[in-house]
């Protein structure tokens, strides 16, 4: 098992099938629901012929569901669990819910975790099986992207919150959010804001409020660490939009790009060829996490593929038997560097 890596569509699209296999050989690949939505969006691309659209989605789905890929739960489900039941820690590893306890024949207790809905979709698409619902969802996704008026949203926010236009940096926004609110009422507003994003029902919100009250009205970050993290992302993004710290041109899709950061806490590495991700990673990452520029990792995987091709069948079998998924010793290999930093010895 290699380092946990979160990838986006821009990086996945850049890989050929052999490079995608190399990625899955040397990393545990986290596939987020937003990536799955972006993959499906190709099914209804206006500039694609029907055959090209099908080929594109099948190819991306096949690359995304590799042997070491893990499809993440939707962030809203993780926030819901973090607020009301199971604490979601900001640590490497994919959170899993819905496990069923089983007793094995040897008497040991184990658990069966059912595949997520997104995992089942990805598997079906890789087989070339699509439903009318898939096409409707793809059209809806593309329509939402095309019709969302980010410049208009910016103007509206500037009218409603003119004080936010005075903010000069993301660091300033982060420092303000990370401080305890001046009053308990304002601290509850932070919690209630992310509850509305899920969204929680009125009954669930009442249970959440009672839980917060019973625990002594703690700081949001101590009360629900992951939910607080997600609220922080939205705060930085929307105040950043208001203060003109985020590109808001009609062609920019930052509202989609920002969603990948909801899944960042569970990975060692985030790999993307998107400049928005590259430039904003530092605002959401821990010190022990790393960002790899997509073309850099693609070139590294290409070298690994070429190295394996250079081995005779006998030497390749020997390598796989002795080293398994450990990357080859290639000078300046970023994958080797990541294994030394995050992988098992």
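Got a sec? Which of 145, 80, 90, 122 is part of a loop (DSSP other than H, G, I, E, B) and either crowded, with 18+ Cβ neighbours inside 10 Å or in contact with a helix residue (DSSP H, G or I) (Cβ under 8 Å, 6 or more places away or on another chain) (or both)? Steps first, please.
On the way: 145 fails: part of a loop (DSSP other than H, G, I, E, B); 80 fails: part of a loop (DSSP other than H, G, I, E, B); 122 fails: part of a loop (DSSP other than H, G, I, E, B).
Criteria check complete, one pass: 90.
From 206, 267, 210, 202, grab the single residue that is modelled with pLDDT of 95 or more and crowded, with 18+ Cβ neighbours inside 10 Å.
Values: 206 fails: crowded, with 18+ Cβ neighbours inside 10 Å; 210 fails: crowded, with 18+ Cβ neighbours inside 10 Å; 202 fails: crowded, with 18+ Cβ neighbours inside 10 Å.
Matching residue, one of 206, 267, 210, 202: 267.
Give the residues of segment 234-277 that are assigned to a loop (DSSP other than H, G, I, E, B) and more than 13 Å from residue 6 (Cβ to Cβ), sorted by residue number. Show your work before the answer.
Start the filter on segment 234-277 by keeping residues that are assigned to a loop (DSSP other than H, G, I, E, B), which leaves 243-253, 267-268, 273-274.
Passing the criteria: 243, 244, 245, 246, 247, 248, 249, 250, 251, 252, 253, 273.
Of all residues being surrounded by fewer than 12 Cβ atoms within 10 Å (Cβ to Cβ) and not in a helix (DSSP H, G or I) in segment 176-198, which is modelled with the lowest pLDDT? Just the residue, please. First the steps, then the outcome.
Taking segment 176-198 as the starting set, the residues that turn out to be surrounded by fewer than 12 Cβ atoms within 10 Å (Cβ to Cβ) are 179, 182-183, 185-186, 196.
Next cut, not in a helix (DSSP H, G or I) only: 179, 182-183.
On the way: 179: 90, 182: 85, 183: 90.
Looking at the filtered set, the residue picked out is 182.
Could you tell me which residue of segment 93-119 is surrounded by the most Cβ atoms within 10 Å (Cβ to Cβ), considering only residues that are assigned to a loop (DSSP other than H, G, I, E, B) and more than 21 Å from the chain's Cα centre (by Cα)? It would help to see each step written out before you state the result.
From segment 93-119, those assigned to a loop (DSSP other than H, G, I, E, B) are 93-99, 104-108, 113-116; that's our starting set.
In the following step, the residues that additionally are more than 21 Å from the chain's Cα centre (by Cα) were identified as 99, 104-108.
Working: 99: 11, 104: 8, 105: 5, 106: 6, 107: 6, 108: 8.
Ranking the candidates gives 99 first.
Keeping to segment 309-345, report how many residues are in contact with a helix residue (DSSP H, G or I) (Cβ under 9 Å, 6 or more places away or on another chain), crowded, with 17+ Cβ neighbours inside 10 Å and not in a loop (DSSP other than H, G, I, E, B).
Matching residues across segment 309-345 total 5.
Might you check whether a residue that is closer than 21 Å to residue 274 by Cα, crowded, with 17+ Cβ neighbours inside 10 Å and in contact with a helix residue (DSSP H, G or I) (Cβ under 6 Å, 6 or more places away or on another chain) occurs anywhere in segment 44-55? Steps first, please.
Just the residues of segment 44-55 that are closer than 21 Å to residue 274 by Cα, to begin with: 45.
Among the residues that remain, those that are also crowded, with 17+ Cβ neighbours inside 10 Å are: none.
Looking for residues that are closer than 21 Å to residue 274 by Cα, crowded, with 17+ Cβ neighbours inside 10 Å and in contact with a helix residue (DSSP H, G or I) (Cβ under 6 Å, 6 or more places away or on another chain), one finds none in segment 44-55, hence no.
Could you tell me whether any residue of segment 18-36 is surrounded by fewer than 24 Cβ atoms within 10 Å (Cβ to Cβ) and free of Cβ contacts under 8 Å to residues at least 24 places away in the same chain?
no
State all residues of segment 56-77 that are surrounded by 18 or more Cβ atoms within 10 Å (Cβ to Cβ) and in a helix (DSSP H, G or I); if no residue qualifies, say none.
57, 58, 59, 60, 61, 63, 64, 75
For segment 166-175, name all the residues that are part of a helix (DSSP H, G or I) and surrounded by fewer than 13 Cβ atoms within 10 Å (Cβ to Cβ). Spell out the reasoning first.
Restricting attention to segment 166-175, the residues satisfying the condition of being part of a helix (DSSP H, G or I) are 166, 170-175.
Of everything in segment 166-175, those that are part of a helix (DSSP H, G or I) and surrounded by fewer than 13 Cβ atoms within 10 Å (Cβ to Cβ) turn out to be 166, 171, 175.
Has segment 37-48 got any residue that is under 14 Å from the mean Cα position of the chain (by Cα) and either at positive phi or assigned to a loop (DSSP other than H, G, I, E, B) (or both)?
No; the residues of segment 37-48 include none that is under 14 Å from the mean Cα position of the chain (by Cα) and either at positive phi or assigned to a loop (DSSP other than H, G, I, E, B) (or both).
Out of everything in segment 278-295 that is part of a helix (DSSP H, G or I) and touching a helix residue (DSSP H, G or I) at 6+ places or on another chain (Cβ under 6 Å), what residue ends up being surrounded by the most Cβ atoms within 10 Å (Cβ to Cβ)? Outline the logic, then answer.
At the first step, the residues of segment 278-295 found to be part of a helix (DSSP H, G or I) are 278-283, 294-295.
Next, only the ones that are touching a helix residue (DSSP H, G or I) at 6+ places or on another chain (Cβ under 6 Å) stay: 283, 294.
Details: 283: 17, 294: 21.
It comes out as 294.
The values are calculated or read from the model by the stated rules, or taken from the named source; none is laboratory data. This is a predicted model, so every value here is computed, not measured. Cβ: placed from backbone, ideal geometry, glycine included. Neighbour counts: every protein chain shown.
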